[in-house]
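The values are calculated or read from the model by the stated rules, or taken from the named source; none is laboratory data. Computed from a predicted model, the values in this text were never measured in an experiment. No Cβ is skipped: glycine too gets one built from the backbone with ideal geometry, and neighbour counts run over all protein chains shown.
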Amino acid sequence: MGSMTTANDVARDFFDAVEPMLLEMRKEIRQEMRERLDKFEAEIRGKLAEKATQVAQIGMIHNFVQGLVYWGNTLVTHRGGLWQALNNTDQEPGEGTDWRLIANGLADISGFVDENDPRLLTLAHRLAGGSTINLEVRLPLPLHRGTFEAGTAYEAGDEVAWNRSTWRAVRSTTSEPPSADWQLVAKAGERGKRGAGAPS
């Protein structure tokens, strides 16, 4: 009787035949992966070098000087803001399309008092980008409005003369002093004695 081939023998023969192919395939796969990783690393290094060059081109931040030519990517401060040149330019930041506003800043603050209400102070904040923000502040100052007039609207802080005294409104009111809306500031004094030698 001949010898019988078992399943283990078939598996061993198959593995012996396939193993060198698998080892070769693994070697090729490793080589291909190494090449891909090297290529990927080279691309990343190239991009990093490109960005480093761009950063080097940006360089320091300068104060804008009228009449100078600025290279693209140059950073300057102007009117309180930070600007980046998009092209080579001698144009003033904010006056065209050659600059990009990176950080808006405060270019100017001015203030004015309302002619009709001297207690109303408006602070105008002009930003580097050209927009303006107004901040209104009502100053808590007394304002003498002359002799009290019936029917006139008075605001808190308004002062009036009435019956030889001065009164200050403690809230908005149209009522006549004295009342809960008014505080006595200066009371009329008593008539003094006639001095010696005064005409009668």
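For ASN134, all conditions in the list (1) crowded, with 16+ Cβ neighbours inside 10 Å; (2) assigned to a strand (DSSP E or B); (3) not charged (D, E, K, R) hold save one; what is the number of the exception?
All conditions are met except number (1).
Here is a yes/no grid of residues against (1) assigned to a helix (DSSP H, G or I); (2) closer than 30 Å to TYR154 by Cβ; (3) assigned by TED's automatic domain parsing to the domain that holds GLY157:
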position: LYS47; (1), (2), (3): yes, no, no
position: GLU50; (1), (2), (3): yes, no, no
position: THR77; (1), (2), (3): no, no, no
position: GLN91; (1), (2), (3): no, no, no
position: GLU115; (1), (2), (3): no, yes, no
position: LEU123; (1), (2), (3): no, yes, no
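Report yes if some residue within the range 112-125 is over 29 Å from GLN84 (Cβ atoms) and in contact with a Phe, Trp or Tyr (Cβ under 7 Å, 6 or more places away or on another chain); otherwise report no.
Of the range 112-125, the ones over 29 Å from GLN84 (Cβ atoms) are 112-123.
So of that shortlist, the ones also in contact with a Phe, Trp or Tyr (Cβ under 7 Å, 6 or more places away or on another chain) come out as 122.
Within the range 112-125, one or more residues are over 29 Å from GLN84 (Cβ atoms) and in contact with a Phe, Trp or Tyr (Cβ under 7 Å, 6 or more places away or on another chain).
Does GLU149 meet the test of being in a loop (DSSP other than H, G, I, E, B), surrounded by 11 or more Cβ atoms within 10 Å (Cβ to Cβ) and among the acidic types (Asp, Glu)? Please lay out each step first, then the result.
Details: in a loop (DSSP other than H, G, I, E, B): yes; surrounded by 11 or more Cβ atoms within 10 Å (Cβ to Cβ): yes; among the acidic types (Asp, Glu): yes.
Answer is yes for this residue.
Restricting to the range 152-189, name every residue that is acidic (Asp, Glu), in contact with a Pro (Cβ under 7 Å, 6 or more places away or on another chain) and in a loop (DSSP other than H, G, I, E, B).
Let us first name the residues in the range 152-189 that are acidic (Asp, Glu), namely 155, 158-159, 176, 181.
Narrowing the set further to residues that are in contact with a Pro (Cβ under 7 Å, 6 or more places away or on another chain) leaves 159.
Listed by number, the list is empty, since nothing qualifies.
Just the residues that are modelled with pLDDT under 75 and closer than 20 Å to GLN91 by Cβ, please, taken from the range 16-73.
GLN57, ILE58, GLY59
Only residues that are crowded, with 16+ Cβ neighbours inside 10 Å and more than 14 Å from GLY146 (Cα to Cα): list them for the range 162-190, please.
THR173, ASP181, TRP182
Given the criteria in contact with a strand residue (DSSP E or B) (Cβ under 7 Å, 6 or more places away or on another chain) and of a type in the set (Asp, Glu), does GLU190 qualify?
On the way: in contact with a strand residue (DSSP E or B) (Cβ under 7 Å, 6 or more places away or on another chain): no; of a type in the set (Asp, Glu): yes.
No.
With respect to THR97, determine if the residue is within 30 Å of ASN134 (Cα to Cα) and not in a strand (DSSP E or B). Break it down into steps so the answer makes sense when it comes.
On the way: within 30 Å of ASN134 (Cα to Cα): yes; not in a strand (DSSP E or B): yes.
Yes; evaluated as a whole, the condition is true for this residue.
What pairs come up if the first residue lies in the range 132-160 and is farther than 16 Å from GLN183 by Cα, the second is part of a loop (DSSP other than H, G, I, E, B) and basic (Lys, Arg), and their beta carbons are under 8 Å apart, counting only those six or more places apart or on different chains?
Here the result reads ARG138/ARG119; LEU139/ARG119, each pair linking the range 132-160 to a residue that is part of a loop (DSSP other than H, G, I, E, B) and basic (Lys, Arg).
Being in contact (Cβ under 8 Å) with a residue 24 or more places away in the chain and buried (at least 17 other Cβ atoms within 10 Å of the Cβ) narrows it down to one of LEU106, LEU127, so name that one. Quick ask: steps written out before the conclusion?
Details: LEU106 fails: buried (at least 17 other Cβ atoms within 10 Å of the Cβ).
Just a single option satisfies the conditions, and that option is LEU127.
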